[in-house]
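Reading through the structure tokens given below for one structure.
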């Protein structure tokens, strides 16, 4: 839906922010169950460490479409756009959490209040525009 929208607003807690993607949080990757093995190897080949998401009871977590999620740590991702293109092209990989170039606005909530950052504005002071 985000790709078909004229306006995409992302709402985040400021605790989710980092100076580079991949530094603090893994990238969620949704995978068709029958492709789990090949996609896990593919993610590892890209330098990632895929970990199958499980529920509190130890059972595999399933999406609404009954797919699996690999929370994949890549470390700092120098070129998120290039990684997104590689992920998008892989058969068996349904979706990923790299929303590159989609956000028109980011709403950041924290103890100091709420900030609105428009496309082209820096998120951190001193940063180049987003």
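The values are calculated or read from the model by the stated rules, or taken from the named source; none is laboratory data. Fair warning: this is a prediction, and the values are worked out from it, not measured in the lab. Neighbour counts are summed over all protein chains in view; Cβ atoms, including those assigned to glycine, are modelled from backbone coordinates with ideal geometry.
Among strands (runs of 3 or more DSSP E) entirely within the range 43-121, having at least 1 residues that are without any contact (Cβ under 8 Å) to a residue 24 or more places away in the chain singles out 49-52, 113-118. Every test in (1) in the same structural domain as residue 124 (by TED's automatic domain parsing); (2) in contact with a strand residue (DSSP E or B) (Cβ under 6 Å, 6 or more places away or on another chain); (3) outside any strand (DSSP E or B) is passed by residue 11 save one, and that test is (3).
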